[in-house]
Structure formats: structure tokens, C-alpha cells
Amino acid sequence: MYVPPAFRDDDLTALHATMREARLANLVTATAEGLIATPLPLFLAPEEGPYGTLYGHLARANPQWRLPPAGEAMALFAGPDAYVSPSWYPSKQEHGKVVPTWNYVAVHAYGPAEFFEDADRLLDVVTRLTALHEASRAASGAEPGARPWAVADAPEDFIRAQLKGIVGLRLPIARIDGKRKMSQNRSAGDRAGVAAGLAASDRPSDRAVAALIPG
């Protein structure tokens, strides 16, 4: 990922937060048959390794796990993003030398993709993934009084049968790139104009970006 110095994010805590908030990632591997990408929910184990380790699972029928990757795999995480209109820049009125752009947050995590079929490890992964997202559902308050669903709510033999249809993924992060492009290369006046324009949008993602633009 091309990351100009003004947009580089090296704060590991912030990068991990972006990865957690993204909820869905894209796993990309280069194979002898070409590039393959699979959208996957992943969870982060921050205590494993210098940058943390990612876990998830793929459908057994997905050929990605059967094709040995050439080098590292890459997990792509996208944070809030928004179109930026040059009409929001005060500098447009001064000289007109402005163009549209896009603000966004992105994290790319690289490391060796390790696939596994052990049923107990798979059960641990699906249990942790389920608990993670069921907890966030309950915390949202959208369903007052609703009890989070747990893997143990389903019959054990049913779950064991379901596990036969998936393959686990472990990706220890060897290096990580973070980019937070939030109009840092513009003047304070232009940044304020962009923040105001996005804050007035009907799109939740636009308003999320507005809150990230530095003053």
C-alpha cells in the first residue's frame, strides 16, 4: 500500500482498533493460479506475536486454502471512508486550484497463512468469533433483553458436522501498514470545511469520517 508520510499510521493500538471495527476483512493470497481473495470475518489475538495474530475460517470447498501461497498472505481491513468535494475548501474561492479526493482508513496485515482442519481448534475459532459478534449485537441495545446466541445453544453433533465443512485460518502478523488519509495535507481552513461538509451528510460513513479529521 502506498502510504505518504502525512497519512502513515504507526500506532499499533489504533491499527488494532481499526481491524476490530472493520468486522469483515479480505484475505488475499498469490498462488500459482493467480490472486485469490475471500471476504472473511476475522478476530485478532493481540497477545500473539509482535503485531498480533488473526484467526478465521473458510469454506472447505473454497480452493484458496488448498493452493499454496507464494510468499505472504495479506488481510485487508477498511475503516470509514468518504468522498471529499472541493466545494468544501475555502481555498476554492481563493484560487480554484482544487480537485476531488477520497478520505479513508485502511490497514493491511501481512504474514504466513496457516490453514488447519483440527476439529477442536475449529470449534475454538467459531466459538470466539460468535461470542465476539453476539456481544456487540447485545451491546448495541437494538434488541433489549435479547440473550446472545452461543455455539453451545446448538446440538453438539450438529456443530461437529458443521465443522467438517470449514477449514481454519491462522495468520501471525509479520508486518503491518496503516493509512489514515483525513485531509492532513490541507490547510486548517480546508480541513474545517471538509469536516463541516461531511458532518452535514445523511450517510453515517461520511459523518464518521468528519469526526476523524484533525482540527
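The values are calculated or read from the model by the stated rules, or taken from the named source; none is laboratory data. From a predicted model like this one, the values you see are computed outputs, not experimental measurements. Here the Cβ is made from the backbone with ideal geometry for all residues, glycine too, and neighbour counts use every protein chain on show. Keep in mind that these areas ignore ligands, DNA and RNA; they rest on the heavy atoms of the full protein, side chains included. Shrake-Rupley method; radii C 1.70, N 1.55, O 1.52, S 1.80 Å.
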- State yes or no: is A82 surrounded by 12 or more Cβ atoms within 10 Å (Cβ to Cβ), touching a residue at least 24 places away in the same chain (Cβ under 8 Å) and in a strand (DSSP E or B)? yes
- Query: Tally time: how many residues in segment 96-109 are open to solvent by less than 30 Å² (accessible area, probe 1.4 Å) and over 19 Å from the mean Cα position of the chain (by Cα)?
  - Reply: 1
- Query: Restricted to segment 96-116, and to residues that are assigned to a loop (DSSP other than H, G, I, E, B) and out of contact with any Phe, Trp or Tyr (no Cβ under 6 Å at 6 or more places or on another chain), which residue is farthest from A45 (Cα to Cα)?
  - Reply: G96
- Is one or more of the residues making up segment 86-95 of a type in the set (S, T, Y), surrounded by fewer than 18 Cβ atoms within 10 Å (Cβ to Cβ) and either touching a strand residue (DSSP E or B) at 6+ places or on another chain (Cβ under 8 Å) or part of a loop (DSSP other than H, G, I, E, B) (or both)? no
- Taking only segment 19-59 into account, find how many residues are surrounded by 14 or more Cβ atoms within 10 Å (Cβ to Cβ) and either more than 20 Å from the chain's Cα centre (by Cα) or among the aromatic types (F, W, Y) (or both). 4
- Query: Out of R160, R191, R128, R121, which single residue is assigned to a helix (DSSP H, G or I), closer than 14 Å to V84 by Cα and modelled with pLDDT of 95 or more?
  - Reply: R191
- Item | Odd one out for V209, checked against (1) β-branched (V, I, T); (2) within 23 Å of the chain's Cα centre (by Cα); (3) more than 18 Å from T18 (Cα to Cα); (4) part of a helix (DSSP H, G or I) | (3)
- Query: List pairs: first in segment 117-130 and under 14 Å from V167 (Cβ atoms) and open to solvent by 50 Å² or more (accessible area, probe 1.4 Å), second modelled with pLDDT of 95 or more and not hydroxyl-bearing (S, T, Y), Cβ under 6 Å, 6+ apart or cross-chain?
  - Reply: E117/V167; R121/G168
- Message: For segment 144-175: of the residues being in contact with a helix residue (DSSP H, G or I) (Cβ under 6 Å, 6 or more places away or on another chain) and open to solvent by 30 Å² or more (accessible area, probe 1.4 Å), which is nearest to Q64 (Cα to Cα)?
- Response: W149
- If you check A135 against the conditions, is it part of a helix (DSSP H, G or I) and open to solvent by 60 Å² or more (accessible area, probe 1.4 Å)? no
